[in-house]
Amino acid sequence: MRVAEVLGRVVLVTGKEEFLAARTVADAKDAVRGHDPEAEFSEAAAAELTLATLGELAAPSLFSSVRCVVVRALEDLPDESVAGLLDYAAAPAEDVGLVLVHSGGARGSGVLTKLRKCAGVTEMKSAEIKPWEMPEFAVSEAKRLGARLDKVAAQVLTDAVGADLRSLSAAVDQLASDFPGERIDEEKVRRYFGGRAEVKNYEIADAILAGQRERALGELRWSLEAGTSEVYILSAIAAQTRSLANHVGGNRDKGMPAWKARNLSKQASGWSPEGLGRALQEIARADADLKGAASDASYTLERLVLTVAALRDHRR
């Protein structure tokens, strides 16, 4: 995303696919940060947005005139704040990038219709990706990263990784990094992700969530020795844990493959919402450690395996 598409404009992010919406928001922030490293960033919930607070968020400060403001859950915008937001969208501040995030659904659709008519608004859609659309998504991800992924290879990759956008995106990113400028064909994908010889990282996650610490550690160590990226392994663990948390919380995905739904139902019997909440906190901690260039990435993941697996069957 170019900075000209953010500053002096309103970026309207719509759709139910949280991964794509989050990436669009991150891209907008990166564009502003690249333009001005001293730019200020702020966030607000639409439910708390008034004309006064919007003015405060968009006004230049003592430290920087360039700002990026993210307003989430636009569907919760109070009726009395609609007119003020539309007035701003009609004439956005030149050095401000306003990002409005609507999580999909019919609620707040009237505001979306009016915003779409404003010349200063650019809509970025994050529509849900169906399971059968995953290979096409993988191909587009590769193209986004400047790589070429064959359609057959994309199908093999999807079969290996599963229908989770975060995991699939991480897998494509790994392939694009390891084969820069090369065509990524079926052979390359199978070398990394195909068959038992290349341990599927979601199997490590399944072992953790099943409370099988020894199996999870064994699979983890084998995968690391095979040269698999620690970040990709963590991404798979995080994706599987989020899926289980959604399942336990009653947020079932109707488009989920039957095998995955059965697996989640089996795993769910050993988990409480509290335990999953703590597991997600541990995953966030591991993510921060890896991104902070942890001195021993392998230890970080082994610690995560032991900690999260031990949370299963703990009700408090």
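Structure summary
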read-out: Residue within the range 144-164 that is open to solvent by 20 Å² or more (accessible area, probe 1.4 Å), in contact (Cβ under 8 Å) with a residue 40 or more places away in the chain and more than 30 Å from residue 78 (Cα to Cα) present; value: yes
read-out: Residue in the range 107-119 that is at pLDDT below 90 and open to solvent by less than 20 Å² (accessible area, probe 1.4 Å) present; value: no
read-out: Residues of the range 207-217 that turn out to be open to solvent by 40 Å² or more (accessible area, probe 1.4 Å) and either without any contact (Cβ under 8 Å) to a residue 24 or more places away in the chain or in a helix (DSSP H, G or I) (or both), as a count; value: 3
read-out: Of the criteria (1) open to solvent by less than 20 Å² (accessible area, probe 1.4 Å); (2) under 20 Å from the mean Cα position of the chain (by Cα), which one residue 81 fails; value: (2)
read-out: Of the criteria (1) free of Cβ contacts under 8 Å to residues at least 12 places away in the same chain; (2) open to solvent by 70 Å² or more (accessible area, probe 1.4 Å), which one residue 133 fails; value: (2)
read-out: Candidate set from the range 282-296 (those that are surrounded by 11 or more Cβ atoms within 10 Å (Cβ to Cβ) and of a type outside the set (Asp, Glu)); member that is modelled with the lowest pLDDT; value: 294
read-out: Test: residue in the range 183-200 that is under 17 Å from the mean Cα position of the chain (by Cα), modelled with pLDDT of 85 or more and over 27 Å from residue 306 (Cα atoms); value: no
read-out: Residues within the range 238-258 that are closer than 19 Å to residue 130 by Cα, modelled with pLDDT of 60 or more and part of a loop (DSSP other than H, G, I, E, B), tallied; value: 1
read-out: Only one of 128, 94 that is open to solvent by 20 Å² or more (accessible area, probe 1.4 Å), at pLDDT below 90 and under 30 Å from residue 67 (Cβ atoms); value: 94
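Matching residues to (1) under 23 Å from residue 116 (Cβ atoms); (2) open to solvent by less than 20 Å² (accessible area, probe 1.4 Å):
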residue: 6; (1), (2): yes, yes
residue: 18; (1), (2): yes, no
residue: 21; (1), (2): yes, yes
residue: 33; (1), (2): no, no
residue: 49; (1), (2): yes, yes
residue: 76; (1), (2): yes, no
residue: 88; (1), (2): yes, no
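The values are calculated or read from the model by the stated rules, or taken from the named source; none is laboratory data. Remember, it's a predicted structure, so these values are computed and weren't measured experimentally. Virtual Cβ from ideal backbone geometry, glycine too; neighbours counted across all protein chains shown. Side chains included, ligands, DNA and RNA excluded: accessible areas come from the protein's heavy atoms. Shrake-Rupley method; radii C 1.70, N 1.55, O 1.52, S 1.80 Å.
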